[in-house]
1. Tell me which of these Ala222 doesn't satisfy, since it passes every other one: (1) more than 16 Å from the ligand (Cβ to nearest atom); (2) touching a residue at least 12 places away in the same chain (Cβ under 8 Å); (3) surrounded by fewer than 18 Cβ atoms within 10 Å (Cβ to Cβ).
2. Please indicate, with yes or no, whether at least one residue in region 111-133 is outside the structural domain of Glu339 (by TED's automatic domain parsing), in a loop (DSSP other than H, G, I, E, B) and crowded, with 21+ Cβ neighbours inside 10 Å.
3. Given the condition under 18 Å from Ala424 (Cβ atoms), in contact with a His (Cβ under 6 Å, 6 or more places away or on another chain) and buried (at least 24 other Cβ atoms within 10 Å of the Cβ), answer yes or no: does some residue in region 330-341 qualify?
4. Condition test on Leu142, is it buried (at least 17 other Cβ atoms within 10 Å of the Cβ), in contact with a Pro (Cβ under 9 Å, 6 or more places away or on another chain) and assigned to a loop (DSSP other than H, G, I, E, B)?
5. Could you go through region 66-78 and let me know if any residue there is assigned to a strand (DSSP E or B), in contact with a His (Cβ under 8 Å, 6 or more places away or on another chain) and free of Cβ contacts under 8 Å to residues at least 60 places away in the same chain.
6. For Phe392, indicate whether it is closer than 23 Å to Glu346 by Cβ, assigned by TED's automatic domain parsing to the domain that holds Leu152 and at pLDDT 95 or above.
7. Among what's in region 162-199 and is part of a helix (DSSP H, G or I) and either charged (D, E, K, R) or not assigned by TED's automatic domain parsing to the domain that holds Gln393 (or both), pick the residue that is nearest to Ser227 (Cα to Cα).
8. What number goes with the only condition from (1) outside the structural domain of Glu285 (by TED's automatic domain parsing); (2) surrounded by 14 or more Cβ atoms within 10 Å (Cβ to Cβ); (3) of a type outside the set (A, V, I, L, M, F, W, C) that Asn430 does not pass?
Amino acid sequence: MAIRGQLLTMAIGFAFTAAFLRSAVCFNPPPQHDALDVLPPTNYLGSISPQQVHISLVGKDKMRIMWITQHASPATVEYDTSAGTYGYSATGSTYSYEYLMYKSGEIHDVVIGPLEPNTVYYYRCGSNSSREFSFKTPPVQLPITFAVAGDLGQTRWTKSTLQHISRSGYDVMLLPGDLSYADFNQPLWDSFGRLVEPLSSQRPWMVTQGNHEIEKIPVIHAHPFTSYNARWHMPFEESGSNYNLYYSFEVAGVHVIMLGSYTSFEAGSDQYKWLEADLAKVSRERTPWLLVLVHAPWYNSNTAHQGDYEGEGMRKAMEKLLFDARVDIVFAGHVHAYERFTRIYEGQANACGPVHITIGDGGNREGLCRRYLDPQPQISVFREASFGRGQFQVVNATHALWSWHRNDDDETVRADMVWLSSLASDPACNRM
Ligand SMILES: [Fe+2]
């Protein structure tokens, strides 16, 4: 029965995925010798053994721990600063969801803290001693290093991206949407959780949603983002948002805003009003750097996703808010390639506008988007269709180093890099 149900789910999902892919100009299957290598769901390690562990920042000194067990288990995290000793504990909640014939495992959600900054904590989930995990909290002051990669999926390319990120010495991961590419086939959310766990259990992963997270099927499953919202609870409540699809957080002198490309963003929408209110709360003395992440890029010289409403419509609705607030960088995904623009406002180079960066080259099964508009627009500084990941090293209140690294290169190679000055430190732009 379970197998029949899974086959039915896959068949329905495949039909919708096929329809979806037909409209996705980015689809570019790899050659035969580079066959896709999606990890199959593996057996559970044990019915109450924690798996798919990932952590995310909550407020200024707390961490959310999420994990899944096959059967009921306490939603308790025990932790301390020495391995094997658990002097502190916290209890949270457990829930599950159903999607067609699929029923998720027990999804546990626990917030722990207060925690010391820049400190390694050891923890175990559900009082289960079979697995001990550890994470490092980010620093409370600059410098801080972010890893940035979107459109991850679960292929050999993804694995390569994760290996590079793992060795990069980052503090916080920023993911601008499109995580598992489960595309209705729910067990692939589980295999994605297992694939990223070695990283996501050790450093906070802060994500926003992409189109592959929607998973809405008219009539059959009309509610969007069921799996994403259940599995990747981000700290939206703490930033005054009423929806997991957009939120903000602050860490070590950086204010990060995660926007939702696939929920209403027009003037007057809840997201628009929340963004206005959140920007009004930003203090450039407390957080001299201001970053925004979206999924669909607002600027893009790849032929893929040209003029999509989620990108262009959102730009028209929200660009002035970001420009007036002197946002430093807008990161996007969606286009499976890398592109860095100069500082822009309303399509023109503008020294007080944000730098726009597309970093949707994490390595999913759809392959790379290789075709670009010709000639290259003057506002596009660097563009290349290779798998890779970005690194944003904020050195101090005024200077930061952005670099892009191809997976095919040696780790020390920076295929693209630029030193950026914060707009808050530029007297010509600073009017906060
Ligand atoms: Fe996408």
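1. Status for Ala222: all satisfied but (2).
2. Checked against the condition, which is being outside the structural domain of Glu339 (by TED's automatic domain parsing), in a loop (DSSP other than H, G, I, E, B) and crowded, with 21+ Cβ neighbours inside 10 Å, region 111-133 yields at least one hit.
3. yes
4. Numbers: buried (at least 17 other Cβ atoms within 10 Å of the Cβ): yes; in contact with a Pro (Cβ under 9 Å, 6 or more places away or on another chain): yes; assigned to a loop (DSSP other than H, G, I, E, B): yes.
Taking the combined requirement at face value, the residue satisfies it.
5. yes
6. Numbers: closer than 23 Å to Glu346 by Cβ: no; assigned by TED's automatic domain parsing to the domain that holds Leu152: yes; at pLDDT 95 or above: yes.
So Phe392 fails the test.
7. Step one: of region 162-199, the residues part of a helix (DSSP H, G or I) are 162-166, 187-199.
Adding the requirement that they be either charged (D, E, K, R) or not assigned by TED's automatic domain parsing to the domain that holds Gln393 (or both) leaves 190, 194, 197.
On the way: Asp190: 10, Arg194: 15, Glu197: 17 Å.
Step by step, filter region 162-199, then rank; the result is Asp190.
8. Among (1) outside the structural domain of Glu285 (by TED's automatic domain parsing); (2) surrounded by 14 or more Cβ atoms within 10 Å (Cβ to Cβ); (3) of a type outside the set (A, V, I, L, M, F, W, C), Asn430 violates only (2).
The values are calculated or read from the model by the stated rules, or taken from the named source; none is laboratory data. Given the structure is predicted, the values throughout are model-derived calculations rather than measurements. In this analysis, Cβ positions are derived from the backbone assuming ideal geometry, glycine residues included, and neighbour counts consider all displayed protein chains.
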